[in-house]
Every structure is written in C-alpha cells, then in structure tokens.
Amino acid sequence: MDKLPPEFQQAIAKNSTENLHKKLVNLGFSVEEVEGMDRKVLLDRHAELQLAATKEEGPAAIEQRGYRPLSEVEVQLERERIQLERQRLDRDATEPTTE
C-alpha cells in the first residue's frame with residue numbers, strides 16, 4: 001500500500017471491510033480466500049491491484065473506476081453522515097422498545 005500515492009491510499013482505506021471483500025471477489029478472488037483475510041491484508045491486496053492497474057493504464061483509468069481522492073467537502077459530509085448515524089444508533093439504544 002505504501003507504493004501508492006497518498007490520495008489513493010486514503011481512498012482505499014476509507015472502504016469498509018465489507019466493501020473490500022466485495023471488490024476483491026469481483027476482481028477474481030474467491031469468497032473463501034477473501035473471508036480469510038484480515039483488514040490489513042485486504043487493504044494490501046487491493047492496493048497491489050491498484051498499483052498494477054496504475055502501471056498498466058495510468059491514473060486517469062483508475063479515477064474512472066471511482067478511485068479518486070475525496071475532496072474536503074466530501075470528507076466533511078462523510079463525517080457528518082457518520083455522526084448522524086451514531087446519534088441515531090445511540091437514540092435507538094436508549095429508547096425503550098414498545099412491543
């Protein structure tokens with residue numbers, strides 16, 4: 001992962017573990033193989049594929065696939081989305097169930 005530009009490292013690291021699983025399976029890894037990987041290995045495998053694609057196709061092709069650095073606005077929106085989700089989960093956890 002260290003061989004990728006920092007903006008690509010950040011973009012890959014922002015993926016959830018589940019998304020990394022799905023992406024690697026879609027790129028040809030078996031489900032069993034991917035499920036046996038911890039997050040660091042998932043990130044490294046994904047980064048290796050990105051690096052290979054960058055060398056073969058160039059950065060523009062990578063960006064076309066949706067791997068691009070996030071803007072500051074996108075980062076802030078994601079932080080706000082996460083904060084709202086946490087608030088919702090906290091609220092749901094403290095409200096008594098009415099069943």
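The values are calculated or read from the model by the stated rules, or taken from the named source; none is laboratory data. Predicted model, so just to flag it, every value in this text is computed and none were measured. Note that we place each Cβ from the backbone using ideal geometry, even for glycine, and neighbour counts take in every protein chain shown.
The requirement of being assigned to a helix (DSSP H, G or I), at pLDDT 75 or above, within 20 Å of Asp2 (Cα to Cα) and small (Gly, Ala, Ser) is satisfied by Ala47. Would you call Gln64 among the polar types (S, T, N, Q), out of contact with any strand residue (DSSP E or B) (no Cβ under 7 Å at 6 or more places or on another chain) and modelled with pLDDT under 75? Spelling it out, Gln64 is indeed among the polar types (S, T, N, Q), out of contact with any strand residue (DSSP E or B) (no Cβ under 7 Å at 6 or more places or on another chain) and modelled with pLDDT under 75. Taking first residues from the range 1-13 that are over 18 Å from Asp38 (Cα atoms) and partners that are part of a helix (DSSP H, G or I) and aromatic (Phe, Trp, Tyr), no Cβ contact under 6 Å between residues at least 6 apart in sequence or on separate chains turns up.
Checked across the range 14-37, the condition of being of a type in the set (Ser, Thr, Tyr) and at pLDDT below 85 holds for at least one residue.
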